[in-house]
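Structure first, commentary second.
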Amino acid sequence: MSQNEKTIVVVGPVYPYKGGISHYTGLLVRALGKRFKVHAISYSMQYPKLLFKKEQRDYDNDSFKVDAEFILNTASPFSIIKTAKRIDSLKPDLVILQWWHPYFAPCYSILSAGLKARLMFICHNVFPHERFVMDRFLTALTLKRGDCFILHSKKEVSELKSIIKHPRYGVNMHPTYEAFDFSGDGAERTEGRTLLFFGFVRPYKGLKYLLEAMADTDEDIRLMIVGDFGSDKETYERQIEELGIADRLEIHDEYVPDKQVELYFKACDAVVLPYIDATQSGIAQIAYGFKKPVIATDVGGLPEVVTDGETGVICKSADSKALAKAIKRFYELKPEVDFASNIEKDSRRFSWEQLVDTIVEVAFNQGGSVSQVK
């Protein structure tokens, strides 16, 4: 059977759901659709409001829209069973589930039990960044039902093998999000020396170390902090006041609509990922989509994504002094290194076409027990 005769069902959030996983799933459906018959199955309810009180959808940004059936209520066994029957009726050759948090364990365990097709999990994280009691049990319970896996960093391989003895898997770097460049004019809007911290503010992302580092950098360097702070904003506000750096910061405490993302990325010299825990980062791939270098810590898969001195700078994590030195080094390299050109040269391993190739190799190539793509 040729590829264009095969059918793949992709399960996960898509527009109008917010967030990086939704963007990823939509772009994956588009990329697979160039070579396969693809059906997207999304949620009629993703999270109960008791667990996620903020608005989960954004209808104003349809740039990532794909055709999908919104039929899966993650908290309803009846809906899950009905969804499994619908997927089986499509007679797919492969079902791909997006995995990033054990909340989905009950839903995906019931769903996978009713599926007849080969099952692949794309693991954005094997284990969640913010660990909790039972997360390992729930993850193992669910992922053991998979026939094969796609991982986005080598760190994830050891974590997957800690719960599954001989998994069939492929390692593929998180693809680049070029779709955020809506204007396509490539215009730079940098004023002075500006850095960007972008995305939901969570403890594991290490913003507190970046704020401390800013106090040790040149006073003409500015930092934009763009993302939803949640309930921790007062803690960061106190830290900013104590450090005396408020006049060098530009803070946007909000979820940024898709069509406004480019305004911030085009206005910076580099994107900073001061994470203290990471597997991979969709933020890094948004940065690369705008040919912006990344200053990142040496955790998880970040050193696999950022080539030190070529596409960005790598430094020690949870160390504000090391981060301040990395920022200084970046600006010393900036006149000498063509970061944008290096990012372009490295783009193949971050392409959606490469990801589809890896999915094909892992799911349909029966040779060998493990497929690893660098």
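Using only the Cα atoms of the chain, build the gyration tensor, take square roots of its eigenvalues as a ≥ b ≥ c, and label the shape rounded, prolate or oblate: rounded if a/c is under 1.5, else prolate if a/b is larger than b/c, else oblate.
Cα axes put the chain in the prolate bin.
Of the beta bridges DSSP finds with both residues in region 1-131, what % are antiparallel, to the nearest 5?
The antiparallel proportion sits near 5 percent.
Distance check, please: which entries in K208/K233; K154/K334; K49/K85; K6/K116; K82/K116 exceed 19 angstrom between their Cα atoms?
Beyond 19 Å: K154/K334; K49/K85.
With +1 assigned to the C-beta of every Lys and Arg and -1 to the C-beta of every Asp and Glu, and no other charges, what is the dipole magnitude of region 178-348 about the Cα centre in debye, to the nearest 20?
Roughly 280 debye for region 178-348.
Rounded if a/c is under 1.5, else prolate if a/b is larger than b/c, else oblate: which is region 178-348, with a ≥ b ≥ c the root eigenvalues of its Cα gyration tensor?
Note, shape of region 178-348 comes out rounded.
Please work out whether region 1-122 counts as rounded, prolate or oblate from its C-alpha gyration tensor, where a ≥ b ≥ c are the square roots of the eigenvalues and a/c under 1.5 means rounded, while otherwise a/b larger than b/c means prolate and anything else oblate?
oblate
Could the peptides 231-237, 150-156, 111-117, 345-351 be put in order, highest first, of the mean number of other beta-carbon atoms found within 10 Å of their residues?
Order by mean packing, descending: 150-156, 111-117, 345-351, 231-237.
Tell me the mean residue ellipticity at 222 nm calculated for the chain from its helices only (DSSP H runs of n ≥ 4, each -39500 (n - 2.57), averaged over every residue, nearest 500).
Value at 222 nm, helices only: -9500 deg cm²/dmol.
Placing +1 on the Cβ of each Lys and Arg and -1 on the Cβ of each Asp and Glu in region 178-348, which of V256, Y236, L273 has its Cα farthest towards the positive end of the resulting dipole?
L273
Find the relative contact order for region 178-348 and round it to a whole percent, using C-alpha pairs within less than 8 Å whose residues are 6+ positions apart.
Relative contact order, region 178-348: 25 percent.
Please work out the C-alpha center-to-center distance from region 74-100 to region 208-259 and express it in whole Å.
42 Å
Bear in mind these aren't lab numbers, they're just calculated from the coordinates by the rules spelled out. This one's a predicted model, so the numbers in the text were calculated from it and none came from an experiment. Here Cβ is always computed from backbone atoms with ideal geometry, including for glycine, and neighbour counts include all displayed protein chains.
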